[in-house]
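Below is one structure. I have some questions about it.
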Amino acid sequence: MYRFLRFPILLVGLFLAASSFAANSSQPALTTEDSLGPQVQQPIEFPHNRHAGLKDASDPAKGGMEINCQYCHTYARRSAVAGIPPLQKCIGCHQNIESVRNKPRIVELFKYWDAKKAVPWKKVHDLPDFVRFNHERHIKRFVEQQDRPVQEACGYCHGDVKEMTVARRQKSLAMGWCASCHEKDHPVVAEGGTPIAGQAYWYSFQKPAAAVDANTKARGPNDCWQCHK
Amino acid sequence: MIDSGSVKQMAGHPFDRRDFLKVLGWSGAAVALSGCGNTSVEDGRETVVSYVEANDYMVPGVGVYFNSTCAQCDAGCSINGRVREGRVLKLEGNPDSAINKGRLCGLGQAGVQHHYNPDRVREPLLRNGNKGEAISWEKAYALIAEKLAGVSGEEIAFLSGGVSGHLKVLLGNYLDSLGTKNHFVYEAIAPSVVRAANLKAFGVEMPRYRFDKAQVVLSFGADFLGSWVSPVHFSQQYAQFRKGVNGQRGVLIQVESKMTLTGANADRWLAVKPGTEGVLALGIINALGMATGEVAELVKGYDKARVSRETGVSTGQIDKIAALLKLRSPSLVLAGNAAEGYAHGSQNAAAINLLNQVLGNVGKTIEAPVSVPFPQMVPSKGNTVALKNMNDGLAAGKYKVVFNFAANPVFTAPGAFKFKDNFAKAGFKVAFAHYLDETALQADLVLPLDSALEDWGTQVPEYMTEGAQINIQQPLMERLHANTRGMGDILLGLIKQKKADEYKGFEDYYAYLRGAVLQNKGALGGGGVEDDTFWNDTLTQGIVKLAGTTTSLAAHASAAGLVLPAAAEADEHFPLHLIPGVTASLRDGRHTNQPWLQESPDPLTTIVWDSWVEIHPKKAAELGIVEGDIVQVTSKTGSVKAQVYLFPGIHPEAISIPVGRGHDAMGRYAKGYGVNPFQIMDAVFEAATGELAMHETRVKISKTGQRVLVVKDEGSAGALQMGRKIAGRVSTDQVDLSKEV
Ligand code: SF4
């Protein structure tokens, strides 16, 4: 009886799989697509906008300070994982900023510091354990080699952080979403970037182009093992 | 680079590492992410903990490497541990060490499981009826002081495994402050009879063996590739030996009654009747015909026919061995556990040493050892004699306070000692312990120790190689559990109870160690170097290399006093010899609670997670036993039940059970797996040294009627695959050695 049923079920399954594939393949999801993550309650409501936001020319007390993301998130360019800035980093500046020293959030911050306890931040961006995303390679590629603005490069995945207070996940971070970028033809050398002859080769496993210029296009790596190690 | 300050700092600022583990591990609750089922994504729920203060070299996701010393056995291999996010992940060998040159054995690799073990003792525990009640360290110290008050030195006993380095010095000082001389050093498996025989023959207990210079190695049961003395070092020398001198590959002949890992690697493996190793050695001297004077006189009676009859080794084989030894020089002859484990073990070892001397190996492949120029730091050694003395004292109710450190006598003492019962007679028993093992369970007060990857220390190996060295042990990460302490710190705390003034300058053991090392900076090769620089360099390197002092080597092995007993009478009630198998990964069983060691298959039988009884297939057929039969093995002292494994690498008159398993405490990975052959060992002692003759126990076996499927990696018995033999076998006497070499 059960055996008898198996074949039709298999067929239906195949049909569904095929049709969903067809529906998806026609239009890959755009990298800009937003997929908001949960609003996360943090122990201290860290204002990204105040730190990284644009300066307000008329009133310096109101706008941001345009601090480079990498000033605090210093591990991203050095390691696969970005880590969270050590508490020491916050204190390093804040011990010299008397004007906000008595603000509740800063008082809270110093409480952790005095107790030498780590702030129990909640994760905002997490990937499944079978995915190995490498921050360092993305920063090398976009910031160091192609000379793109840091906020733009980080923003591909993290959204427009300079507008946020507590960070919130902006993109789905699912595989299809990653692939939507990796499958596009990108210029190998951005304007003002370092032209590297071998780039196109290692980047998309093509023979090195004779001359790499602004028109040379390449794709991101698309081997399974790049992320699933 | 890595400086002591940062390690201290790392050790000083705790943060919740368990959260880190969650970050790194697969967590239970899964959230379905769009497009992907089954994930472990924990957005917004999981905590991600950062450093409070981070050194520049600490980058999340990037490893930092620290040098330290393997504490899994006392060979003293240097380790290099990878630390990420403040957690140690993996150990490798430190290439700078002359002992292990960057290698590590499986037991050493499992060191991380000693550290992360879920069954570690975490709080000082005081006995309350059948339970251990957690108490504070202050209370524990106060309690020890109270129990020691008014107790004379005679009434105190301290039992320990081998200790060396500064810990030995500190322990000695503590015992002095208590006015006691009762320090019993007990290593359950130690080559103590061989040491004594070597001292007689060569003037040193442990000479330096040069496998790399030898052209032939003839080993009488020395498992130097698996578990004997310094296996990682010997394995490397063995590789050179196999490459050969002048392109001539070294030949290894192993003579033993039970095949060891080394035996399995030998060109020629000869099963010898248990206990007749010395007879064979004298027979070979006779066959060589090189001896003169007294020695020739001694071996005259050992003609081939007699030797072959007594040892079970064919005359043809004796000829071949003699021919090979004559042809290839220098050679190296070794006496291992199997040769020394009999009542006449000293005589066996003496005969083997005599063979070395006749062959002219002394000074060539047997060299003078070097040792550190600080005699107070060389390891303390001891074996069953010490345990027996203590056991006698315990039986007589002599001791009011007993300490136990780095030994598990309730598990390893031969059953005939009734150690557990005698131990109960001591007034107040303190155990310094990592696990609640069999001995700690009997204690009144259990003090939890740091793991070797959390603690400070120095270690001096007994077996040195090129030059002497002092190994540094340093924390690779901070404590996992807030309430464990280093042994050095505990001793310092205890000694301050007696000599507060003398030791008040040392805040902790780290300060003591640093002070002691810097005090001898000149002798340690740091003359003229800044203190901080020298200390930081020392920690970075993890080894202090010294020129060392060389003890001179003598060659006075002689025939005098060498009398081998007549072949042992067959015992009709207990017809079989029990050979306790010492395996490379379990050794004396102190690390059995590390699951990798349980899970890695025994190299010869491929059995995992259980004990077995090795029986020769012929013997088994005779007794009507097949693989998987549960048999009862009974000696005069006791009996155990275990599954049978048919093993052609054992003498038909012997059976073998590996030691190390059969714990009834210690932890979830050790308790209840297998049987403990120590329990059924008879109290037969080696005549000259008084050490336990581990191979003298006679047993009988009987079927219980039960049968199990042996859990092992190899295929069905006989190693057949799809009905075909994987490799054809030829028995050794069918092989023409002259064609091979
Ligand atoms: S032989 Fe193995 S267990 Fe012993 S010190 Fe060396 S690595 Fe560690």
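The values are calculated or read from the model by the stated rules, or taken from the named source; none is laboratory data. Everything numeric here is computed off the predicted structure, so don't read it as measured data. Please note: Cβ atoms are built from the backbone with ideal geometry, for glycine as well, and neighbour counts cover all protein chains shown. Ligands, DNA and RNA are stripped out before the accessible areas are found, and what is left, the full protein with its side chains, is counted by its heavy atoms. Shrake-Rupley method; radii C 1.70, N 1.55, O 1.52, S 1.80 Å.
Of the conditions (1) of a type in the set (A, V, I, L, M); (2) crowded, with 24+ Cβ neighbours inside 10 Å; (3) touching a Phe, Trp or Tyr at 6+ places or on another chain (Cβ under 8 Å), B:Leu167 fails just one. Which one is it?
(3)
For every residue, the table says whether it meets (1) under 21 Å from the mean Cα position of the chain (by Cα); (2) of a type in the set (A, V, I, L, M, F, W, C); (3) at pLDDT 90 or above.
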residue: A:Leu30; (1), (2), (3): yes, yes, no
residue: A:Glu33; (1), (2), (3): yes, no, no
residue: A:Glu45; (1), (2), (3): yes, no, yes
residue: A:Arg50; (1), (2), (3): yes, no, yes
residue: A:Tyr71; (1), (2), (3): yes, no, yes
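Among B:Gly108, B:Gly63, which is closer than 25 Å to B:Pro379 by Cα and in contact with a strand residue (DSSP E or B) (Cβ under 7 Å, 6 or more places away or on another chain)?
Residue meeting the stated conditions: B:Gly108.
Are any residues in the stretch B:502-517 of a type outside the set (A, V, I, L, M) and over 19 Å from B:Leu546 (Cα atoms), and if so, which ones?
The answer is B:Glu502, B:Tyr503, B:Lys504, B:Gly505, B:Phe506, B:Glu507, B:Asp508, B:Tyr509, B:Tyr510, B:Tyr512.
Here's a check for you: in the stretch B:89-99, which residue that is more than 8 Å from the ligand (Cβ to nearest atom) and surrounded by 23 or more Cβ atoms within 10 Å (Cβ to Cβ) is farthest from B:Gly467 (Cα to Cα)?
Among residues in the stretch B:89-99 that are more than 8 Å from the ligand (Cβ to nearest atom) and surrounded by 23 or more Cβ atoms within 10 Å (Cβ to Cβ), the one farthest from B:Gly467 (Cα to Cα) is B:Leu91.
For the stretch B:66-87: of the residues being open to solvent by 10 Å² or more (accessible area, probe 1.4 Å) and more than 9 Å from the ligand (Cβ to nearest atom), which is nearest to B:His233 (Cα to Cα)?
B:Asn80
Can you say whether A:Lys117 is open to solvent by 50 Å² or more (accessible area, probe 1.4 Å) and within 12 Å of another protein chain (Cβ to nearest Cβ), as far as the supplied structure shows?
Against the criterion (open to solvent by 50 Å² or more (accessible area, probe 1.4 Å) and within 12 Å of another protein chain (Cβ to nearest Cβ)), A:Lys117 qualifies.
Only one residue in B:Ala516, B:Ala511 is assigned to a helix (DSSP H, G or I) and open to solvent by less than 20 Å² (accessible area, probe 1.4 Å). Which one?
On inspection, the qualifying residue turns out to be B:Ala516.
With respect to the numbered conditions (1) out of contact with any Phe, Trp or Tyr (no Cβ under 6 Å at 6 or more places or on another chain); (2) outside any helix (DSSP H, G or I); (3) more than 16 Å from the ligand (Cβ to nearest atom), which one is the sole condition not fulfilled by B:Arg242?
Unmet for B:Arg242, out of (1) out of contact with any Phe, Trp or Tyr (no Cβ under 6 Å at 6 or more places or on another chain); (2) outside any helix (DSSP H, G or I); (3) more than 16 Å from the ligand (Cβ to nearest atom): (2).
Oh, and also: Of everything in the stretch B:467-491, what is part of a strand (DSSP E or B) and among the aliphatic types (A, V, I, L, M)? Give them in sequence order.
B:Ala468, B:Ile470, B:Ile472
Within the stretch B:682-712, track down each residue that is closer than 26 Å to B:Ala567 by Cβ and out of contact with any strand residue (DSSP E or B) (no Cβ under 7 Å at 6 or more places or on another chain).
B:Asp682, B:Ala683, B:Val684, B:Glu686, B:Ala687, B:Ala688, B:Thr689, B:Gly690, B:Glu696
Go through the stretch B:333-419 and tell me which helices (runs of 4 or more DSSP H), entirely inside it, have 1 or more residues that are touching a Leu at 6+ places or on another chain (Cβ under 9 Å) and not assigned by TED's automatic domain parsing to the domain that holds B:Val279.
B:384-395, B:409-412
When the residues of the stretch A:62-83 are filtered to those that are more than 16 Å from A:Glu136 (Cβ to Cβ) and open to solvent by less than 70 Å² (accessible area, probe 1.4 Å), which remaining residue is nearest to the other protein chains (Cβ to nearest Cβ)?
The selected residue is A:Cys72.
Does any residue of the stretch A:120-134 turn out to be more than 14 Å from chain B (Cβ to nearest Cβ) and more than 17 Å from B:Val48 (Cα to Cα)?
No, because not a single residue in the stretch A:120-134 is more than 14 Å from chain B (Cβ to nearest Cβ) and more than 17 Å from B:Val48 (Cα to Cα).
Is there any pair linking a residue in the stretch B:231-257 that is within 14 Å of chain A (Cβ to nearest Cβ) to one that is open to solvent by 20 Å² or more (accessible area, probe 1.4 Å) and within 16 Å of the ligand (Cβ to nearest atom), with Cβ under 7 Å and at least six apart or on different chains, and which?
none
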